[in-house]
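Report on the structure given below.
The values are calculated or read from the model by the stated rules, or taken from the named source; none is laboratory data. None of the values given here were measured: they were computed from a predicted structure. Each accessible area value is taken on the protein alone, full model and side chains, heavy atoms only, with ligands, DNA and RNA left out. Shrake-Rupley method; radii C 1.70, N 1.55, O 1.52, S 1.80 Å.
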Amino acid sequence: MTLLSRCRPTATQQGHESLLADSLPQRWAHSQRVYFQALSLAPALGEGDAELLAAAAIAHDVGYAQAAMDTGQHMIDGARYLRDVVGP
């Protein structure tokens, strides 16, 4: 099973929301806007690419969440958090 098949955009969105919606509502709103922009590109992409883009869009700022913070670099912290929670 691949990371992508375990991390569908709707599941990713719910997980990301639980990390950011209450503590960082503006960051969550931004992530939602990025997600919906990604969905608008889906017709131009193949199914796999559209799914990957949507998952990346909603999760791209997860490193700002308190639960993910470690180095202070949100892109590194987010990648590590997703690796540890979702798996390789």
Q) Across segment 35-51, in residue order, what do the Karplus-derived ³J(HN,Hα) couplings come to in whole Hz, using 6.51 cos²θ - 1.76 cosθ + 1.60 with θ = phi - 60° and x for Gly and Pro? A) 4, 5, 5, 4, 4, 5, 8, 3, x, 8, 10, x, 4, x, 5, 5, 5
Q: Go through segment 20-26 residue by residue and turn each phi into a ³J(HN,Hα) via Karplus (6.51, -1.76, 1.60, θ = phi - 60°); whole Hz please, and just put x for glycine and proline.
A: 10, 4, 7, 7, 9, x, 5
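With a 1.4 Å probe and every protein chain kept in, tell me what percent of the accessible surface of segment 29-88 is carbon plus sulfur. All intermediate terms of the calculation are to be shown ahead of the outcome.
Working: 2170 of 3610 Å².
Of the solvent-accessible surface of segment 29-88, carbon and sulfur hold 60 percent.
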(Q) 5 Å is the cut-off here: which amide hydrogens, built 1.01 Å from N in the peptide plane, fall below it relative to residue 68, excluding neighbours closer than 5 in sequence? (A) none
Q: Would you please state the base-10 log of I(q)/I(0) at q = 0.15, 0.20, 0.21 1/Å for segment 16-85, with intensities from the Debye formula using one equal scatterer on every alpha carbon?
A: -0.49, -0.79, -0.84
